[in-house]
Structures are given as C-alpha cells and as structure tokens.
Amino acid sequence: MEQDNPASELKDETIIAENEIQITVDEPEECVVQPKDRGDILYTVDEVPRWYLCFVLGIQQYLMMFGSTVAYSYLVTPKLCIQESDPARGYITSTLFFVSGLGSLIQSTFGTRLPIIQGPSFVFLAPIFGILSSTQWKCPSEEEVLSTTEEELQEIWQIRMREIQGAIIVASIFEIVIGLSGVIGIILQWLTPLVIVPTISLIGLSLFEEAASTASKNWGISFITVLLLVLFSQYLGNFNIPGCSYSRKRGWKIKRIPFFKLFSILLTIVTAWVICFILTAAGALGPTNSARTDLRVETIYSSPWFRFPYPGQWGLPTVSIGAVFGIFAGILASIVESVGDYYACARLACAPHPPTSAINRGIFAEGISCILSGIWGSGGGLTSYSENIGAIGVTKVASRRIIQCGAITMMLFAVLGKFGALFNTIPEPIIGGIFCVMFAIVTGVGLSNVQFIDLQSSRNILILGLSLFMGITIPKWFKGHPNTIDVGTYCLLM
C-alpha cells in the first residue's frame, strides 16, 4: 500500500502549477512575479479537501465565530427592550447565524474569494446604542411591562428593530458605492507596511477587552483552554496519525493525517467542555460559576426544532436620517477593519497580497451582505471576522471550500434551533481562552510586517509608535467620556 498526504490531493490544475511561477496582477501597478510558496499551510486557498473534511473543518470555523455572534445578540437584545424570557432572543441569534452564513458565501465566492467568514460587527454597537438610548426609544419600566400585553411587548421591540433595519439598509448602500467606485483601490496605492502594521495590530489589540471579559469569568478554565490549544496546534501539530482511505483508482492506501493540527480548535473546545462537565457533575463549581455546563440547558428545551428566518420577519423597516448617519459611522469603521483583515488573511494563508480589484469586490460584497442583514432583521451589520482569520494561523487550513461549507453549516444550524442551542451551552471561559490565542495571532501577524519597514529611520519609528499609541488611547478616552461629542440627536462613538 502506498502512503499519501491529504495536503497533496489537489485539483489537476493545482498539481501542474505547484512548481511554476505565479503572476499576480495588482492594478494599476505592473505585474509582479512571485514564486508560489505554500509555507506550512496544509490546504491553500484554491485546494479542495475531501468532502467530509470540508464539513468537519467548516464546523470548526463555525465554532470560532459562535461566541462572538452569541455575545452580540446578548448585547443588543436588551437595548431593543426584549425581555429575558422572550424566545425572540433566540430567534435573533438564529437570524444572525443565517445572514452570517449567507454573507460568507457571497464574500468567499464573489468578493475577495479569500477564506474569510462574515459575522456581526461590534463596531455597529456604538451607533446602535446611541440611537436606542434616545428618549424616543427608552425601554418601559418594570411597572409598565407588568401592565402591558404580550402583543404590545412584541411591538415595543419590533418597532426598534425596524428602525435599526432601515438605517443599516440605507447606510450599506454607501458601502456598495464605495466598493463599486474603486475609492478603496485608489487609497491602497498609499498603503505601505507602515500603514498595515498598526491597522492589523490594532484590530487584534482592540479585542482584548472582549477576550478578557469572557476569560475572566473563570481564569482557570480559560488557561486550561489556552494550554490545550497551544499543545494541540504547536507541539502535536506535526504528529501525523496513520489512517486508511479508499478510492476507485488507487484502492486502499495508508495516509498520514495531521489530525491535531487540522482539528486543534475543535479538539480544544471538546476537551475543555468535557473537563467542565466533569467538574460540574462532581460539584466542584458553584451554582453560578460561568464554567458550569448546565447554566443554559433550558435553552435547548425552549428552542423550536425548526424555524426558518425570512426577510421582513419583524415588519417593514423604517428610515430616519439621524439613524442612517449613525450606522454610516459604523460602516466606515467596518471598511477600515475589513481591509486590514484581507491583508492578514492573505498573509496567514500564504497567498499573494489581494489586488485592488479584489479589495473593491470585498467591500462591495460586504455592502450587499449588510443590506441582506438589514432585510432579514439581524440587528447588526456584517464584517470580516478576525477570529476565523486567526484560526487559519493555528490550523494551517486556508481552503476557500471549507469556508463555504462552514457558511452552509451556519445556515443549517440557524434553521435547526435545538442543535444550535446545544452549542450555546459551551461555557464562556472556554470561548474566552480561544479568543486569547486567536486575537494574539492576529496581532502578531500585523507586527510581523515590521520586517519590511526601515527601522533605522526616526520618522518611521515616530509614525509607527504614534499610530499604535493613539489608536489605543483615543478609543479608551472616548469610552470614559461618552457624552463628549453630541451631534444633537444622537451621541455617536467611533
């Protein structure tokens, strides 16, 4: 029997081009000739693993964006005045997963065609909170809730959702225009490593609060999760497990599978989940400890077996000028973040830098995805997810087909309510530990571009240090002084 490696099972055209010279066209610059270098990537962007690997690895990608998506719904639903016992919270979470899968399919197929998953962006929370904090949308008091019928309570939050929907739809039209007009491509002519380093690095550094707040709910479990992920991806990553496969042309053959590197994140989550279950069953965790596995079991029973999210499920969206300008601020921040994500993803995937045409298509695709998100009523806009980009750095799997399978998985889980609710029982400290590693990798990728900067120049050192310092300082100051900038109707925080 012959030995084989799964990373060598490529399409015919991929095999032919393995040792050839790759020509990358980046308009309006001249063609750049680059040798094709896959580094230690197991599956490159254009390679297609076997179908069962695509779906298993796609589920792993789904798990990586699960925590942020659920966290987003938990943050936005109280502002919409949705009661804690209202099953609508679960419906909005399912809608977020559905539109995220739809947006990921659009981005990976027609946008940049990089292995990037789209998900609800936290940059939209500031303008949304600003809109909903106005007197017009103030939530009713507990006394008023007690005297309100169920139908009236439903209309209270749906009218707020429709206001957010309309603002997202209209503001996203500007994102489409920006992508179609090629404005981003023009700006990219002045983007050097000196710009890319702080942009990508600040994306990872800006997420430290989210990772810390989730991990701090039980630092012990979070540290165990970090250690497990480092063990599986770094120390056991090159340990291949022998297995057998069958094909009609070659018959049975022995394959060496890099099991721990392929499924490092999935193995980490399952192992840490089992540890939490044992500690919960043994009574080692308190009744309110966030590491318990039975805190959200009731969501499995209360969730319907099937519920298909559909456009306009909360009614016809409404539009107001103030809300549109608020969401547009989030759109601009999302565009800047996404451009940095494109470069980070290409670098981790050992792919050429995305050309300007791909950047423009990516922004255009995100605009389309945001419009669909508004039409479906998810409560937010979509952007590229840094968590899944970091997962490429750990698993060394960058196949576009895996992202597409993960997108289909997200849409299926959004319809199968109880199956999605099962993953909702993953303890938050586990997700926090995963975030610590993923965001650290994204930050490290940004800093790695320092090698292309002339650090002997005092001008470059000043620009680099000032960009990183002010990129952390200014948002921190605005967070502590939320009412400093008042545009009259809404307080918008960039």
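The values are calculated or read from the model by the stated rules, or taken from the named source; none is laboratory data. Just so we're clear, the structure is a prediction, and the values are computed from it rather than from any experiment. Cβ atoms come from the backbone with ideal geometry, glycine included; neighbour counts cover every protein chain shown. We work out accessible area using only protein heavy atoms, side chains counted, and drop any ligands, DNA or RNA first. Shrake-Rupley method; radii C 1.70, N 1.55, O 1.52, S 1.80 Å.
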Residue in the range 175-182 that is within 28 Å of ALA365 (Cβ to Cβ), out of contact with any Leu (no Cβ under 7 Å at 6 or more places or on another chain), buried (at least 18 other Cβ atoms within 10 Å of the Cβ) and of a type outside the set (Asp, Glu) present:
yes
When the range 200-222 is checked residue by residue, the ones that are open to solvent by less than 20 Å² (accessible area, probe 1.4 Å) and either more than 26 Å from PHE277 (Cα to Cα) or modelled with pLDDT of 85 or more (or both) are ILE200, SER201, ILE203, GLY204, ALA215, ILE221, SER222
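Would you pick out the residues in the range 196-233 that are over 27 Å from LEU267 (Cβ atoms) and in contact (Cβ under 8 Å) with a residue 12 or more places away in the chain? Spell out the reasoning first.
So in the range 196-233, the residues over 27 Å from LEU267 (Cβ atoms) come out as 196-202, 205-206, 209.
If the condition is that a residue be over 27 Å from LEU267 (Cβ atoms) and in contact (Cβ under 8 Å) with a residue 12 or more places away in the chain, then ILE196, VAL197, PRO198, THR199, ILE200, SER201, LEU202, LEU205, SER206 are the ones that fit.
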From GLU142, GLU155, GLU163, GLU150, grab the single residue that is closer than 15 Å to TRP314 by Cβ and without any contact (Cβ under 8 Å) to a residue 60 or more places away in the chain.
GLU155
Checked LEU332, LEU279, LEU267, LEU295 against criteria (in a loop (DSSP other than H, G, I, E, B) and among the aliphatic types (A, V, I, L, M)); the one match is LEU295
Members of the range 303-315 that are in contact with a Gly (Cβ under 9 Å, 6 or more places away or on another chain) and either assigned to a loop (DSSP other than H, G, I, E, B) or surrounded by 15 or more Cβ atoms within 10 Å (Cβ to Cβ) (or both)
SER303, PRO304, TRP305, ARG307, PRO309, PRO311, GLY312, GLN313, TRP314, GLY315
Against the condition over 30 Å from LEU295 (Cβ atoms) and at pLDDT 90 or above, how does SER448 come out, does it pass?
no
For LEU447, state whether it is open to solvent by 10 Å² or more (accessible area, probe 1.4 Å) and either among the hydroxyl-bearing types (Ser, Thr, Tyr) or more than 24 Å from GLY111 (Cα to Cα) (or both).
yes
Looking across the range 304-337 at residues that are over 24 Å from the mean Cα position of the chain (by Cα) and among the hydroxyl-bearing types (Ser, Thr, Tyr), the single one that is farthest from SER206 (Cα to Cα) is THR318
Within the range 72-102, track down each residue that is over 14 Å from ALA414 (Cα atoms), in a helix (DSSP H, G or I) and open to solvent by less than 10 Å² (accessible area, probe 1.4 Å).
TYR72, VAL76, THR77
Would you check if there is a residue in the range 223-243 being modelled with pLDDT of 75 or more, under 25 Å from the mean Cα position of the chain (by Cα) and farther than 30 Å from TYR52 by Cβ?
yes
Select from the range 415-431 the residues that are at pLDDT 85 or above and either surrounded by 24 or more Cβ atoms within 10 Å (Cβ to Cβ) or of a type in the set (Asp, Glu) (or both) and list them in ascending order.
PRO427, PRO429, ILE430
Looking at (1) within 30 Å of GLN313 (Cα to Cα); (2) open to solvent by 10 Å² or more (accessible area, probe 1.4 Å); (3) touching a helix residue (DSSP H, G or I) at 6+ places or on another chain (Cβ under 7 Å), which one does LYS396 not meet, given that it meets all the others?
(1)
